[in-house]
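First the structure, in the form of structure tokens, and then the observations on it.
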Amino acid sequence: MAKESTQFSKVVYEPIPSFRRSRRVGSLAWILVFALAGCASLPRLEMEDADFVVSGRLAVRDETQSFSASFTWIQRRADYAIELWGPFGAGRVRVRGNERRVTISDARGDLVRGVDPDVLMRRELGWSLPVDALTYWIRGAVAPIHDVVEVSRSGDRLDSFEQDGWLIEFDRFRAYEGIDRPARIVAKKGPSRIVVAIRSWQSGQAEALSERTEAQGFR
């Protein structure tokens, strides 16, 4: 395990070309990247032993730019895979990682590696997500890795809370598979704002997840 970590630390990072463009001109570049990339696809995401699969829309805004895309998030214990794409499924980008490492790849086969998702995403995409905490927030729960203040509840359900400098608001709930879960999550920290609108939530056995996800066109 130590050897693998050392290999990652020696990687010479070069921004993926399409990512570099997005940092310079913001969300307009993402539209161009999606158009140029066409409908090229990444290898199919593995569903085996997945804890859940969430899909929907994601929007990120800070003081310099904004970005929005459709997404699929697959969580398998500490491992996550987040796939992002533009209109008509074009320009797919995938972020994969766990507590030890993270990779970003695109449909052209370009790939960069790092150990901190915030640092790598900000450098390659021009924006970032608090991935380690968001995996809990999308479930309607607080992340156990950070202190929590100013919790607001409606009965047993969280409405909002502050964690790691972020104000998290669940402003819409919906029953997924018979369980009330957040359907819209807003996270704000200074000039940064993240909105996650969840369209579907899937949990259960890997075979069932694979069948439902394939039927929706996710690869």
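The values are calculated or read from the model by the stated rules, or taken from the named source; none is laboratory data. Just so you know, these numbers come straight off a predicted model, no measurement behind them. Quick reminder, even Gly has a Cβ in these numbers, built from the backbone with ideal geometry, and neighbours come from all protein chains shown.
Answer yes or no: is there a residue in the stretch 166-185 that is touching a Leu at 6+ places or on another chain (Cβ under 6 Å) and either charged (D, E, K, R) or surrounded by fewer than 18 Cβ atoms within 10 Å (Cβ to Cβ) (or both).
no
Restricting attention to the stretch 113-130, and to residues there that are surrounded by fewer than 19 Cβ atoms within 10 Å (Cβ to Cβ) and aliphatic (A, V, I, L, M), which single residue is nearest to residue 185 (Cα to Cα)?
119
Does residue 99 satisfy the condition of being of a type outside the set (A, V, I, L, M), at pLDDT below 90, touching a Pro at 6+ places or on another chain (Cβ under 8 Å) and not in a strand (DSSP E or B)?
Details: of a type outside the set (A, V, I, L, M): yes; at pLDDT below 90: yes; touching a Pro at 6+ places or on another chain (Cβ under 8 Å): no; not in a strand (DSSP E or B): yes.
It is false that residue 99 is of a type outside the set (A, V, I, L, M), at pLDDT below 90, touching a Pro at 6+ places or on another chain (Cβ under 8 Å) and not in a strand (DSSP E or B).
Give the residue, chosen from 110, 49, 106, 79, that is buried (at least 17 other Cβ atoms within 10 Å of the Cβ), at pLDDT 50 or above and of a type in the set (Asp, Glu).
106
Within the stretch 105-120, is there a residue that is closer than 23 Å to residue 197 by Cβ and aliphatic (A, V, I, L, M)?
Here is the first cut: in the stretch 105-120, the residues closer than 23 Å to residue 197 by Cβ are 117-118.
If we keep only those that are aliphatic (A, V, I, L, M) as well, we get none.
No; the residues of the stretch 105-120 include none that is closer than 23 Å to residue 197 by Cβ and aliphatic (A, V, I, L, M).
Restricting to the stretch 135-153, name every residue that is hydrophobic (A, V, I, L, M, F, W, C) and surrounded by fewer than 16 Cβ atoms within 10 Å (Cβ to Cβ).
Residues satisfying the conditions are 141, 145, 148, 149, 151.
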